[in-house]
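The values are calculated or read from the model by the stated rules, or taken from the named source; none is laboratory data. From a predicted model like this one, the values you see are computed outputs, not experimental measurements. Heavy atoms of the whole protein, side chains included, go into the accessibility calculation; ligands, DNA and RNA do not. Shrake-Rupley method; radii C 1.70, N 1.55, O 1.52, S 1.80 Å.
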Amino acid sequence: MIDTKLKSRLQAAQSLLWINPEQVCVSMADVPVHPNQVKEAEQNWRDLAPLLQRCFPELSDHSGAIASELIPVDALAREMGYAHGRHFVKGDHALPVAGSVKARGGIYEVFLYGLSLARDLDLISATDTPEALLNPNVKAAFKGYTVAVGSTGNLGLSVGIAARALGFRAVVHMSSDAKDWKVERLQRHGVEVVQHDADYGSAVAAARHQADADPTIYFVDDERSELLFFGYSAAAAELHDQLMKRNIMVDAEHPLFLYLPCGIGGAPGGVAYGIKQVFGDHAHCFFVEPAQSPCALVQLAAGLEKQVTVYDIGLTNKTEADGMAVAEVSWFIAQVMHPLLSGVYTVEDDDLFRWLALASRHADLQLEPSAAASLGGPSMIIDSTEGQQYLTDCDLHAHMPNATHVMWATGGSFVPEAEFQGFLSRGEALL
Ligand SMILES: Cc1ncc(COP(=O)(O)O)c(C=O)c1O
């Protein structure tokens, strides 16, 4: 049960910060995944790199790595009134191949599926390297198999593009929130798009139902997939290396704050899980959700006895942040994050556009509204009563001048110019 005071604040659909009282109170033994799996994922990414480089020419400059820059944003932070600590944007908005954080999950799962299918069909041997998937006989065989996914857009782009690169048929089931340009871009890549006149959860359910009935369809299950989750989790090692290269310490006196936009929870959950393995208690992970779609917040605040949706408390799940228009968080993610997540803050749509415009003006970033949500994190911690209480409880006040804030920009570089100019004018008008 959500307490009445929190419930009425959520129902007012105004920005708020919720601190997770269960953080570190619950046994990690109850978490359904294991830290070793993050290390395995890092190794899998390294093994896939030569194949990825051959499939996607844009990866040549990065030796086949799906990786993003850690971008210092001092001017933007000053404009947003962030006086203390260091501020970075993690630039997944410009991730190669798919232009969003979803590249880390979707490409990982599709390529690992391709490898396991090719081995099961005896098209390649257990000792062949992943590059064997480029053999013409493998591609010919993959034509008879379909990779399907339900998506608000960006996961569809990542899974669809990856599946087509290996020769699979690809079908993306999209919710009514999906933007037209995402549909068009998928179709240009030869991906079949099924548009549902329903929300994200319904699109996923329809896709799952179709796949269940047909053994030639592999369904990438955004609500349940461990492969997606661990694909995302490997980003933690990348961030660790980037901080080390800049001589930025993370320890009890140098806390790390992460702000992660959340829809179904897979991407932020995977990244946060990886981060907690690398930095432990010195990393403070916060999800951010639209004020009308705080699905992780309502689930974690209600406890894990039964699943709850944002509709249950009278919210609409209508937001311009299409990637985060999700009414019910993944049950798998709720279990994993219950003991690990520091909290969740919510944002109103107008702020998304304001921050998107500021990020363009002062950091030259092209973000989509979902990604801009991460930019409000430092203010939620420093300027709210709940944030101040969190700093007191964690004994962090004295260390805030040494803190590092990483705002995870989850998508945007693929947004067509005309669409982006529309976002910008809306933001500029609000500033
Ligand atoms: C730009 C962007 N940010 C954040 C998210 C949230 O990721 P998840 O749904 O895995 O929580 C999405 C999901 O599609 C997205 O497209």
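Taking the full set of protein chains and a 1.4 angstrom probe, give the accessible area of residue 309 in square angstrom, rounded to the nearest 10.
Using a 1.4 Å probe on the heavy atoms, I get roughly 20 Å².
With a 1.4 Å probe and every protein chain left in place, work out the accessible area per residue of the chain in Å², rounded to a whole number.
So the chain comes to 38 Å² accessible per residue, rounded to a whole number.
Can you give the alpha-carbon Rg of the chain over 2.2 N^0.38 Å, where N counts its residues? It would help to have the intermediate numbers written out before the result.
Working: Rg = 20.5 Å, N = 431, 2.2 N^0.38 = 22.1 Å.
So the Cα radius of gyration is 0.93 times the expected 2.2 N^0.38 Å.
Between region 33-70 and region 332-400, what's the alpha-carbon centroid distance in Å?
28 Å
If I take every Cα pair under 8 Å that is 6 or more residues apart in the chain, average their sequence separation and divide by the length, what percent do I get for the relative contact order?
On the way: 879 pairs, mean separation 97.1, N = 431.
That works out to 23 percent.
So how exposed is residue 223, as accessible area in Å² (1.4 Å probe, rounded to 10)?
Solvent-accessible area, nearest 10 Å²: 40 Å².
Rank 244, 174 by accessible area, highest first, at a 1.4 Å probe radius? Show your work: numbers first, answer last.
Numbers: 244 80, 174 0 Å².
Result of the area sort, largest leading: 244, 174.
Based on DSSP, what percent of beta bridges with both residues in the chain are antiparallel, to the nearest 5? Please report the intermediate quantities before stating the final value.
On the way: 8 of 42 bridges.
If I count the DSSP bridges inside the chain, around 20 percent turn out antiparallel.
Do the sum for the chain: with -39,500 (n - 2.57) for every DSSP H run of n ≥ 4, divided by all residues, what is the mean residue ellipticity at 222 nm, to the nearest 500 deg cm²/dmol?
Working: 18 runs with 191 residues, N = 431.
The helix contribution divided over the chain gives -13500 deg cm²/dmol.
Which order do 428, 368 take by accessible area at a 1.4 Å probe, largest first? Before the final figure, lay out each step's value.
Numbers: 428 75, 368 5 Å².
Putting 428, 368 in descending order of accessible area: 428, 368.
Starting from the residue with the highest accessible area, list 16, 304 in decreasing order, probe 1.4 Å.
304, 16
Please compute the alpha carbon radius of gyration of region 102-227, then divide it by the globular-protein estimate 2.2 N^0.38 Å. Two decimals is fine. Each step should come with its number before you reach the end.
Working: Rg = 14.1 Å, N = 126, 2.2 N^0.38 = 13.8 Å.
Normalised by 2.2 N^0.38 Å, the Cα Rg of region 102-227 equals 1.02.
Determine the distance separating the Cα centre of region 222-266 from the Cα centre of region 100-170; give it in Å without decimals.
25 Å
Using a 1.4 Å probe, how large is the accessible area of residue 324, given in Å² and rounded to the nearest 10?
Its heavy atoms expose roughly 10 Å² to the probe.
How large a share of the accessible area of the chain, in percent, is made up of carbon and sulfur atoms when the probe is 1.4 Å and the other protein chains stay in place? Could the numbers behind the result be given before it?
Details: 7940 of 16560 Å².
Answer for the chain: carbon and sulfur cover 48 percent of the accessible area.
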